[in-house]
Amino acid sequence: MEKKSGFSSRLGFVLAAAGSAVGLGNIWRFPYLAAKYGGGIFLLVYLILAVTFGFSLMITEIAIGRKTGKSTIISYKTINKKFSFLGYLASLVPIIIFPYYCVIGGWVVKFLGVYLSGQGHAATGEDYFPGFIGSTAEPLVCLAIFLFLTSVVVLMGVEKGIEKVSKIMMPVLVLMSLGTAVYSLTIDGATDGLIYYLKPNFSEFSIKTVVAAMGQLFYSMSLAMGIMVTYGSYMRKDDDLEKSVRNIEIFDTAIAFLSGMMIIPAVFAFSGGDQAALQKGPTLMFVTLPNVFDSMKGGHIFGFVFFLLVLFAALTSAISLMETIVSIIFDKFGISRRKICIGVMIFSFIIAVPSSLGFGVLSSVTIFGYSILDFFDFISNNIMMPIVALATAILIGFITKPDYVSEEVESSGKFKSKKLYGFIIKFVVPVCMIIILISSVTGYV
Ligand code: PHE
């Protein structure tokens with residue numbers, strides 16, 4: 001059996017974990033939620049939750065991974081036999097998410113191709129995007145390209161593949177985000193959008209703001225799906241855990257914030273201050289933005305850089321999903337990484353096909369009223385992940401006691417927020433998770 005490799009440095013670990021956290025959720029979902037739920041007030045709620053609730057869950061998962069040194073299934077079983085189900089449930093989440101995440105990754109590949117070949121104007125029509133995802137062959141080819149790129153990196157291993165790629169892509173992503181955000185602010189009429197984004201609008205504050213921020217945070221930090229447990233198991237024993245988690249959080253939040261700075265002012269200027277343009281959900285990225293780019297000076301370059309940045313963000317997230325699946329199979333069956341990677345790639349492609357075709361030939365197939373892709377998204381994000389987080393909080397808060405995590409954190413440095421951590425993992429996380437579950441099931445947010 002091959003020996004498990006790991007990250008070679010703290011920086012490598014932080015960038016890879018930040019690579020997982022920074023994804024489509026930051027660039028597309030965060031700005032539109034911020035616009036929808038009261039601008040600055042949403043930002044404020046999000047920040048408070050990030051440093052408390054998000055921090056506690058993330059440090060828990062990474063500590064579990066590092067302490068047990070194992071992949072998801074085995075790590076939870078090692079902690080407590082009665083919680084074996086939790087390992088299986090957490091492992092199922094990336095297996096469900098990975099295929100459809102690659103479908104969306106494929107859409108990003110397509111749009112990058114559009115700007116690369118100078119066809120940005122063609123993409124402005126209302127029917128362009130629905131026409132593309134509704135077709136059969138092209139989205140599947142794009143999906144295959146995205147899946148292949150992801151697989152190659154994972155095949156190369158943790159240190160030589162994931163760490164290396166993250167060390168290149170993440171700094172480039174920061175530069176591109178900064179550049180596009182600054183450029184966006186120079187557009188005529190952008191200031192109003194900036195004010196709308198940053199000024200707290202208290203009249204729009206409601207419990208929905210909190211629930212939406214909580215759901216977003218949870219997804220954005222790649223929690224409750226075994227990813228951070230897996231990456232934690234590759235972390236060096238003497239790297240400071242608390243500091244690393246803070247770094248990852250700052251990275252993730254900064255990119256989400258910058259995405260709002262690049263998207264909201266640009267869309268505001270384009271639509272003459274019409275906020276509805278921002279709140280269109282998925283079409284924002286693939287329909288509204290191409291129109292915004294088309295109306296801008298140098299818009300095709302902006303469009304190209306934007307979709308390249310999105311591709312990098314999506315790739316590093318997909319890599320973490322695939323690595324989590326690969327590590328589970330590796331720990332369970334001990335087959336070679338190469339064989340596992342090829343197997344996971346083929347299996348995921350097959351599972352992804354119906355999600356892709358769900359917008360075209362299979363559009364008549366719906367599950368509980370959802371398209372196939374949206375159903376997978378709903379069941380994993382809104383149901384399974386909150387259950388995993390709830391069970392993890394119960395396991396650590398009440399069965400092993402928070403010291404299980406604190407000891408691991410203190411083995412490599414100080415744990416400054418230890419007291420706060422114990423309180424949050426015991427009480428705040430469970431309450432938050434129950435609220436998320438109820439609001440998901442009842443369709444409140
Ligand atoms: N954290 C990623 C984002 O913000 C989403 C993600 C979910 C990544 C699941 C990997 C796995 O987009």
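The values are calculated or read from the model by the stated rules, or taken from the named source; none is laboratory data. What you see is a predicted model, and the numbers here were worked out from it, not measured in a lab. Here Cβ is always computed from backbone atoms with ideal geometry, including for glycine, and neighbour counts include all displayed protein chains. With ligands, DNA and RNA removed, areas are computed over all heavy atoms of the protein, side chains included. Shrake-Rupley method; radii C 1.70, N 1.55, O 1.52, S 1.80 Å.
Structure data summary
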item	result
Label-point separation, K199 to L44 (7 Å along Cα→Cβ), nm	1.4
Carbon/sulfur fraction of accessible area - the chain, other protein chains in place, 1.4 Å, %	68
Span from the region 389-425 Cα centroid across to the region 199-222 one, whole angstrom	25
Distance in nm between pseudo-label sites at R236 and T400 (7 Å out along the Cβ direction from Cα)	2.4
17 Å Cα-Cα reach of K332 towards aspartates and glutamates, excluding residues that sit fewer than 8 places from it in its own chain	E2, E323
Order by protection proxy (mean Cβ within 10 Å, highest first), peptides 389-395, 172-178, 335-341, 219-225	219-225, 389-395, 172-178, 335-341
Gaussian network model of the chain, Cα within-10 Å springs - most flexible of I346, I59, I97	I346
With at most 16 neighbouring Cβ atoms within 10 Å, loop GluC sites (Glu not before Pro) (DSSP) excluded, longest segment of the chain	127-445
Cβ-Cβ FRET estimate between F368 and S84, R0 fixed at 25 Å, reported to 0.05	0.30
Nearest 10 degrees, 0 to 90: helix 137-155 Cα axis against the chain principal axis	40
Region 84-236: C-alpha gyration tensor shape, a/c 1.5 cut-off, then a/b vs b/c	oblate
Cα gyration tensor shape of region 161-252, rounded if a/c is under 1.5, else prolate or oblate by comparing a/b with b/c	oblate
The chain - accessible surface per residue (Å², probe 1.4 Å)	38
Local electrostatic count at G87 - Lys and Arg +1, Asp and Glu -1, tallied over other residues with Cβ under 10 Å	+2
Kirkwood Rh in Å, taken over region 187-312 so that all alpha-carbon pairs contribute	17.0
Largest to smallest accessible area among I255, I435 [probe 1.4 Å]	I435, I255
Which listed pairs, of K36/K297; K160/K243; K199/K401; K82/K418, have C-alpha distances above 31 Å, in listed order	K199/K401
Rg and Dmax of the chain, Cα atoms only, in Å	20.9, 61
Y231, Y88, Y128, ranked by accessible area, largest first (probe 1.4 Å)	Y88, Y128, Y231
Calculated [θ] (222 nm, deg cm²/dmol) that DSSP helices of n ≥ 4 give over the chain, each run adding -39,500 (n - 2.57)	-22000 deg cm²/dmol
Accessible surface ranking that places the most exposed of R10, R236, R66 first, with a 1.4 angstrom probe	R236, R10, R66
Cα-based reach from K426 at 16 Å (exclusive), listing aspartates and glutamates while leaving out same-chain residues under 8 positions away	E61, D403
Choice from Q275, Q119, Q216 with maximal GNM fluctuation in the chain (Cα, 10 Å cutoff)	Q119
